[in-house]
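The values are calculated or read from the model by the stated rules, or taken from the named source; none is laboratory data. Owing to the predicted nature of the structure, the values given are computational and were not obtained by experimental measurement. Cβ coordinates were reconstructed from backbone atoms using ideal geometry, including for glycine residues, and neighbour counts include every protein chain displayed.
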Amino acid sequence: MMRASLMLQRRLARLLELLLIAVMIGLVATTAVQVFSRYVLGSPVPWTEELARYLLVYLTFVGCALAIHEHAHLRIDVLLVRLPVQLQRVIGLLTTASLLITAVLLVWYGIVFTELSWGTVSPALAQSIAWIYVAMPVTGAVMACYLVPQLIDRVAHWNDYPRADADGDEPGAASPARQEGAAS
């Protein structure tokens, strides 16, 4: 069961990576068309600015979901690492739980906003604004799919936290680069 869950999470992460690549290519291409048409041709293409804005929304939400999977969100742990380990565990659990609550709220209110905006049409693209809002519930659900196992793992392996970070260092430990900088 756990192995199947991990495999599904990895496949979903790969899909998110590919989607991010496609959205980024679309964003760069759309922006390039906008710049070329505005400064070379002297007449901007009206839909490019709106499309670039919407692609940036998708880039943000999909990137957030992928960052949750990879534990890659920015964190400043200057204070956290100075706390007792037991308190670090509690804060880690509360952080994961609050992220899960936020993901559930994204799903809930994303559905509400999507339904409310279905009849509204974007001015330049002439498409329903709901296609923009649909990013909220979809990526919120993906975030929740990543956060539930993380929360279960934190509870099931309570004594193993805090774990070493991706570099193998304990949280707050000086990295080799920081140690070299301190030596000079």
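If the condition is being outside any loop (DSSP other than H, G, I, E, B), within 24 Å of the chain's Cα centre (by Cα) and exposed (fewer than 11 other Cβ atoms within 10 Å of the Cβ), then region 74-88 contributes no residue at all.
Within region 118-152, the set of residues being within 18 Å of Leu19 (Cα to Cα) and assigned to a loop (DSSP other than H, G, I, E, B) comprises just one member, Val134. Taking region 16-56 only, how many residues are touching a helix residue (DSSP H, G or I) at 6+ places or on another chain (Cβ under 6 Å) and either surrounded by 16 or more Cβ atoms within 10 Å (Cβ to Cβ) or of a type in the set (A, V, I, L, M) (or both)? Here the count works out to 16. Checking Leu94, Leu147, Leu100 one by one, the residue that is under 19 Å from the mean Cα position of the chain (by Cα), loosely packed, with under 15 Cβ neighbours inside 10 Å and aliphatic (A, V, I, L, M) is Leu94 and no other. Looking only at residues in region 150-160 that are touching a residue at least 24 places away in the same chain (Cβ under 8 Å) and surrounded by 14 or more Cβ atoms within 10 Å (Cβ to Cβ), the one that is nearest to the chain's Cα centre (by Cα) is Gln150.
Sub-6 Å Cβ pairs linking a first residue in region 10-33 that is farther than 15 Å from Arg53 by Cβ to a second residue that is of a type in the set (D, E, K, R) and surrounded by 13 or more Cβ atoms within 10 Å (Cβ to Cβ), at least 6 apart or interchain, number zero. Touching an Asp or Glu at 6+ places or on another chain (Cβ under 8 Å), at negative phi and at pLDDT 95 or above: is that true of Leu66 in this structure? For Leu66, the condition - touching an Asp or Glu at 6+ places or on another chain (Cβ under 8 Å), at negative phi and at pLDDT 95 or above - is met. Cβ separations smaller than 8 Å between residues 6+ apart or across chains give the following pairs from region 75-101 residues that are under 29 Å from Phe61 (Cβ atoms) to residues that are part of a helix (DSSP H, G or I) and of a type in the set (Gly, Ala, Ser): Leu100/Ala144.
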